[in-house]
Each structure stands twice: as structure tokens, then as C-alpha cells.
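A short worksheet on the structure shown next.
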Amino acid sequence: VSSPAELLRALVEIDSVNPTLVPGGAGEASLASAIHAWLAGAGLEVDLHEVRPGRPNVTARRKGRGGGPTLMLAGHTDTVGYDGMPDPLTPRVEGGMLFGRGAYDMKAGLAAAMWAAAQIEPGELAGDLVVAAVIDEEHSSLGTESLLARQRPDLAVVTEPTGAGLDVCIAHKGFAWGELTVLGRAAHGSRRDLGVDAIARSGHLLVELESLDGRLARAVPHPLLGSPSIHASKISGGREWSSYPGECRILVERRSLPGEAEDALAADLELLTDAASARCPGIEVRSRVDLVRPAFEISPGAELAHITRELARLGGWRSEFVGLAGWNDSALFAAQGIPTIVFGPGGGGAHADEEWADLGQLEGCAAVLEMLARTVCT
Ligand SMILES: [Zn+2]
């Protein structure tokens, strides 16, 4: 292929729907072997590692002379589903944009990283440049967890899209998932003497949840991320008209700021339970936290952040330090103590019926990543 845009086209043509997200989805294997072959063709030392059966991570290393830091450029190979998209796997270029599932989230970022690594000569840098293409970011980040158990780069750039001016993301929110179950007593609808209405009782929790979210909204905001939040995600309970519901289950999501405690959601669920008990003595609530993912932040003064922005500006881009609302794998790199930024080509339509990547930003990003490697791997 003759350009990053051609490379992106080839990546979008390969179905890589996350099979956990969409049962029967193609999975990452075909895309991983195409990436593996392309990077091997460019002379990198490549490795394929099965994280789950048929779902491999790819890593490719451009060996340096030795004595310099290892820079990793990381992206995910999986995409969300494409039901409802007319031609998800047939890339179409129009007005400098390439349309197709995964173009923006995040095959353009992968293409930029691959292209940059291919431009570096073997032994040109002191440190190694590593491209990592991992599985499963769209579901539970199995790929990055497995990658970081096997490798520890000195610096990392996650090439998820960061904005039209080739901005440098230095912070994003964390999230946690939990559930509250209100216990009642199932009984025939005619027997108020026996039944306890779990659905009506869960109302006490929901009123408290809303007021807790209001308090979080009034907390001192993070300069790039605003305030934390908590919301109900799904509610279920009850069987039919003629029965008292014995149980009502509420799924809850908490979005957190850098610096908040790991157990912020657990503390919130306890607080909600106590407040509901004060309103409704005898209410029985069970709470549970299912998943906690930390927030991400790196100082704008950190060398990696600063140098990347300066290189982007030299290339004529506006490049600001920004925060992203959504979570991505960069938090897992940062949690290992690895200086990390998010920096990737923009576009639009992530997870939507029309998705596109901006080809000008793709070229620009690839050029900045190449210069970044030459600057930091010395
Ligand atoms: Zn993504």
C-alpha cells in the first residue's frame, strides 16, 4: 500500500466485530493476521499471542540499537456491531473522509501507528518502537490486560481518536458498575398482609440516587473532565399484574474523576442503602460492585505529553491538551505507572450507523508518531 489511507481501507474491509459484544461476530483473528503480515512485510519482529481461543493480540517490534526507552503505540482491533449500516465493510472515500465500521474507532489509529513504525529503519533509534494491536477493548479490555502482563514499555501512546486538531488527551474519566437489589416478599396480589412490594420500595433508593448525583454535580469540577456522576442503567423486577414483586434489581453506573478512591461506588451504594433505610425502616437492600475501571490522567508538564503536542503544532495542527469523557485502555497503561497519552486521528460516528475517519488527520497523526519515536527513543 502506498499511503496510510490505503492501509486504513484494507483494515476496514476486514470484519472484526467483537464476538462477546455481538454473539456470532467475526472476532479479531482475520484482522490480526493481516496486521501481522503487513508489519512483518515492513521488517518488524512480529508476535501473535492468543488471549482467548481465536482472539490474538499482535505485537510488532522495531528493534533499536539499545540504550533507549521503549515506546509502545497501542490500539484495539475489535469493533462494535454494524447492524443497520448499509455497507459497513466497503470503505467509501468522500471529501477526505473514509466511511465504514471501525474507521474512526479505531482502525485509523491502528493505521497511523503501523505506518509510523514502518517508516523507521532498523537500528535507527536507540530504543525499541513497538506496535500493539489488541483485542476486546469494546467489551472488557482482555487484550490490554494480557499485553501488560507480558510487556512493560517505558512510554505509551494509545491512538484512539482525540479530536479535530490532533489534540493530546491527558485525562479521562473512570467508571464502575454495580447493582442494588431490593428484597420484598412475593405474594398473591390480594394479600397485602403477606406481600412486600420490592418495586415500590426501590423508589426510595432511586430518589436518593438522584439526589446523590445532584451533589456530585455540584462538587468542584476537574478542569478538563467536569464532575463525577452516578445514574441508574437498568431496572427489572416483578412477574405479573396479580402478584407482589419479591425482588427489584437496579443496575448502577458511576463515572469517576482522577484521584477519586477505587471504592467510590461501593461507598456510594452503602450511602444510598443507609439513606433508603432512614426513609423506609425495614427496607432490605443487597449491593454489589461488579467492575471498577480507574480514571486516567497525566500531567500536562510530562515530557511525552508536551513533546507530542509540540510536534503536532510543528505539523500545523492546533493541538490542545484535552480530556475525554469516555473511558479507554490508556487507564490500564497508566495504572502500571507507564507515562501514557491518548493521541489519534479524529472523525465521527463511533458506534453509530455512519462512521468515518478524517484522512488528513490520519496522515498528520502518522507523521507526528514517526517524529515522536525519533524524538523520545534516543
Ligand atoms: Zn475505541
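Pairing each residue of the stretch 88-112 that is free of Cβ contacts under 8 Å to residues at least 40 places away in the same chain and within 16 Å of the ligand (Cβ to nearest atom) with any residue that is open to solvent by 20 Å² or more (accessible area, probe 1.4 Å) and among the aliphatic types (A, V, I, L, M), provided the two are 6+ apart or on different chains, yields no C-beta distance under 7 Å.
From the list Asp274, Asp263, the lone residue that is open to solvent by 50 Å² or more (accessible area, probe 1.4 Å) and within 19 Å of Trp327 (Cβ to Cβ) is Asp263.
Using the structure shown, decide if Ser256 is touching a residue at least 60 places away in the same chain (Cβ under 8 Å) and hydroxyl-bearing (Ser, Thr, Tyr). Criteria met by Ser256.
Listed here are the residues, each with its yes/no results for (1) within 16 Å of the ligand (Cβ to nearest atom); (2) small (Gly, Ala, Ser).
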residue	(1), (2)
Val157	yes, no
Ala171	no, yes
Trp177	no, no
Gly189	no, yes
Leu194	no, no
Ile199	no, no
Val207	no, no
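Restricted to the stretch 69-87, and to residues that are of a type in the set (Asp, Glu) and surrounded by fewer than 14 Cβ atoms within 10 Å (Cβ to Cβ), which residue is farthest from the ligand (Cβ to nearest atom)? Taking the candidates together, the pick is Asp87.
Checked against the criteria, Tyr104 counts as open to solvent by 20 Å² or more (accessible area, probe 1.4 Å) and part of a helix (DSSP H, G or I). The residues of the stretch 107-123 that are open to solvent by less than 40 Å² (accessible area, probe 1.4 Å) and among the hydrophobic types (A, V, I, L, M, F, W, C), listed by number, are Ala108, Leu110, Ala111, Ala112, Ala113, Met114, Ala116, Ala117, Ala118, Ile120. Yes or no: Leu251 under 24 Å from Arg185 (Cα atoms), in contact with a Ser or Thr (Cβ under 6 Å, 6 or more places away or on another chain) and assigned to a strand (DSSP E or B)? Answer is yes for this residue.
For the stretch 13-24, a residue qualifies if it is over 19 Å from the mean Cα position of the chain (by Cα) and touching a residue at least 12 places away in the same chain (Cβ under 8 Å), and the qualifying residues are Glu13, Ile14, Asp15.
For the stretch 162-216, the tally of residues that are within 32 Å of the chain's Cα centre (by Cα) and outside any helix (DSSP H, G or I) stands at 21.
Restricting Ala357, Ala373 to those that are more than 17 Å from the chain's Cα centre (by Cα), under 29 Å from Pro91 (Cα atoms), crowded, with 23+ Cβ neighbours inside 10 Å and hydrophobic (A, V, I, L, M, F, W, C) reduces the list to Ala357. Being closer than 17 Å to Val131 by Cβ and not charged (D, E, K, R), is that true of even one residue in the stretch 306-324? Within the stretch 306-324, one or more residues are closer than 17 Å to Val131 by Cβ and not charged (D, E, K, R).
The values are calculated or read from the model by the stated rules, or taken from the named source; none is laboratory data. Bear in mind the structure is a predicted one, so any value in this text is a computation, not a measurement. Glycine also receives a Cβ, built like all others from the backbone with ideal geometry; neighbour counts cover every protein chain displayed. Each accessible area value is taken on the protein alone, full model and side chains, heavy atoms only, with ligands, DNA and RNA left out. Shrake-Rupley method; radii C 1.70, N 1.55, O 1.52, S 1.80 Å.
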